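The values are calculated or read from the model by the stated rules, or taken from the named source; none is laboratory data. Here the structure is a predicted model, which is why all the values come from computation and not from measurement. Cβ sites come from the backbone with ideal geometry, for glycine too, and all protein chains shown count toward neighbours.
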Amino acid sequence: MKEKRLVKEVELYRLKHDTFSLLFKIKSSLEILGTQEKEFSTIALESLSELEKLLDRLFLLDKVLRGEYRIRKEPLYPCSLAAQVFCVNPSPSEPMEGDNFLFTKALEAIKDTLKGEWRLRCSQNSLILEGSNPNSEIESFYVNFCLLLLSKINVNLQVRLPKIEIRWGKC
């Protein structure tokens with residue numbers, strides 16, 4: 001059983017390595033081409049960047065769900081992290097215990113989901129993000145990605161689109 005798991009992990013690692021190597025080659029080629037065909041190159045590079053983020057999130061989620069990622073219990077300041085990700089002034093918040101890396105990754109995915117106009121409100125135990133509804137399967141995946149990541153660090157995420165509410169502590 002352990003041997004089969006190890007083989008799957010090696011296969012996944014190879015897939016991840018090959019995928020990101022291919023993305024790097026395509027991206028480099030487009031950057032070289034970009035000096036001649038700027039508009040085409042810009043669109044292709046933006047699409048590749050989105051694909052890279054999606055793959056990165058898929059592989060992270062796989063690691064977390066398989067228990068390969070060790071979730072840290074460290075001081076976590078949700079409102080401060082949200083302010084950094086969304087580039088707004090931070091609101092004071094009490095620390096909670098959680099994994100800063102996973103919380104930040106979840107917020108980045110939410111930011112990619114809430115396209116266009118959005119608002120961020122933060123209180124002592126709640127972070128409310130309002131924006132537009134996801135309009136693609138990838139954006140819907142990002143919402144589910146957030147639900148799963150945040151549930152692993154005991155943060156409650158309520159999604160009533162176009163509003164996403166993240167709660168922690170004694171809610």
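Suppose the filter is surrounded by fewer than 18 Cβ atoms within 10 Å (Cβ to Cβ), at pLDDT 85 or above and polar (S, T, N, Q); does Asn154 pass it? No: the conditions fail for Asn154. Scanning the stretch 73-113 for residues being part of a loop (DSSP other than H, G, I, E, B) and either over 14 Å from Val155 (Cβ atoms) or out of contact with any Gly (no Cβ under 9 Å at 6 or more places or on another chain) (or both) gives a total of 10. Out of the residues in the stretch 61-70 that are surrounded by 15 or more Cβ atoms within 10 Å (Cβ to Cβ) and touching a residue at least 60 places away in the same chain (Cβ under 8 Å), which is farthest from Ser21 (Cα to Cα)? My answer is Val64. For the stretch 138-150, the set of residues classified as farther than 12 Å from Arg57 by Cβ and modelled with pLDDT of 85 or more consists of Leu150 only.
Restricting Ser49, Ser93, Ser80 to those that are at pLDDT below 80, among the polar types (S, T, N, Q) and surrounded by 12 or more Cβ atoms within 10 Å (Cβ to Cβ) reduces the list to Ser93. Taking (1) of a type outside the set (D, E, K, R); (2) assigned to a loop (DSSP other than H, G, I, E, B); (3) outside the structural domain of Asn154 (by TED's automatic domain parsing); (4) modelled with pLDDT of 75 or more in turn, Gln36 satisfies each apart from (4). Among the residues of the stretch 83-105, those that are of a type outside the set (D, E, K, R) and touching a residue at least 60 places away in the same chain (Cβ under 8 Å) comprise Met96, Gly98.
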